[in-house]
Amino acid sequence: MFDINPFSLFLRFLFGGSAVLASTLIARTFGGRLGGIFAAFPAVYLAAVMGLSLEYKGSELLSVTEQLSKGALVGMAADVCCALAASYFILRYGWKRGLSYALFLWAVLAPLIYLTWFGF
Amino acid sequence: MKVDIRDLGLRFIFGGLAVAACYVVLQFVPSKSFAGIFAAFPAVMAAAVIMAGHFGSSEQAADIALGASAGMLGCTFCVLTATFCMQHLGKWGLSLGIALVVWFFSSYVAIMLMQGLLEKRKEKRQ
């Protein structure tokens, strides 16, 4: 259970990066409001879920995806707070410090919401 | 369409790292749902803010962050739908398909609302 396969890890890195890249290129192609929607395509989430299908099948895949989605839901809730905080912090402290504070807030908030919601 | 290699490279690295981190946590932490947190890492927003801040101004970066919150609301509905459908329909592919349709429409509504807010903020600044 604890062995990390370097090839699987690399495959996921490629998969996640490509998914984000593809959504960015689609967003740029469309432009305007439609492009804006695709700029926020849940590429990382979908790449992570697709990655699960490499290892799990059938009802096990369904169960693991459901569990992963619960965590992602918590992460998304933290994302909304992080983005609003980033907008506020960047105007106040500049983009470097503002983004760092917002990402730090995400890193604290996501596990905190998770533990409050689902317990240990 | 303007393609900036640095912007795309940054997005590729952030997106790849988030999915790889998700896989590593999935192997080390018994709770699979905890790993899911990394599937929601704001990779695209971080890359977009860095690019806007570096090549533009902090105000542009702040506007991008505010705009991104609309997309994230859509993504939240997408994951919520995926979780709900998997519990009730028991079909993996169909659940993801329905979740993507919900993502598209909820993102559209959220972006329409957020654009109004962004324009008001820009007017105030001027």
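The values are calculated or read from the model by the stated rules, or taken from the named source; none is laboratory data. From a predicted model like this one, the values you see are computed outputs, not experimental measurements. Every residue, glycine among them, receives a Cβ derived from its backbone with ideal geometry; neighbour counts consider all protein chains shown. Heavy atoms of the whole protein, side chains included, go into the accessibility calculation; ligands, DNA and RNA do not. Shrake-Rupley method; radii C 1.70, N 1.55, O 1.52, S 1.80 Å.
Does A:LEU21 qualify as being assigned by the TED database to the domain that holds A:SER8, part of a helix (DSSP H, G or I), open to solvent by 40 Å² or more (accessible area, probe 1.4 Å) and over 24 Å from B:THR83 (Cβ atoms)? Yes; evaluated as a whole, the condition is true for this residue.
Could you tell me whether the stretch A:80-92 includes any residue that is part of a helix (DSSP H, G or I), farther than 21 Å from B:LEU117 by Cβ and of a type outside the set (A, V, I, L, M, F, W, C)? No; the residues of the stretch A:80-92 include none that is part of a helix (DSSP H, G or I), farther than 21 Å from B:LEU117 by Cβ and of a type outside the set (A, V, I, L, M, F, W, C). Restricting the search to the stretch B:14-33, which residues are in contact (Cβ under 8 Å) with a residue 24 or more places away in the chain and out of contact with any Ser or Thr (no Cβ under 9 Å at 6 or more places or on another chain)? Across the stretch B:14-33, the qualifying residues are B:PHE14, B:LEU17, B:ALA18. Has the stretch B:12-31 got at least one residue that is at the interface with chain A (Cβ under 7 Å from one of its Cβ atoms), of a type in the set (Ser, Thr, Tyr) and under 13 Å from A:SER69 (Cβ atoms)? No, the stretch B:12-31 has no match at all. Note on the stretch B:98-126: among residues that are touching a residue at least 12 places away in the same chain (Cβ under 8 Å) and of a type in the set (Lys, Arg), the one that is least open to solvent (accessible area, probe 1.4 Å) is B:ARG121. Would you check if there is a residue in the stretch A:45-55 being open to solvent by 60 Å² or more (accessible area, probe 1.4 Å), among the acidic types (Asp, Glu) and either under 15 Å from the mean Cα position of the chain (by Cα) or more than 7 Å from chain B (Cβ to nearest Cβ) (or both)? Looking for residues that are open to solvent by 60 Å² or more (accessible area, probe 1.4 Å), among the acidic types (Asp, Glu) and either under 15 Å from the mean Cα position of the chain (by Cα) or more than 7 Å from chain B (Cβ to nearest Cβ) (or both), one finds at least one in the stretch A:45-55, hence yes.
Each residue in the stretch B:67-97 was checked for being assigned to a helix (DSSP H, G or I), open to solvent by 60 Å² or more (accessible area, probe 1.4 Å) and farther than 18 Å from B:MET45 by Cβ, and 5 of them qualify.
Exactly one residue among A:GLY36, A:GLY16 is of a type in the set (Gly, Ala, Ser), open to solvent by 20 Å² or more (accessible area, probe 1.4 Å), at the interface with chain B (Cβ under 7 Å from one of its Cβ atoms) and under 19 Å from the mean Cα position of the chain (by Cα), and that residue is A:GLY36.
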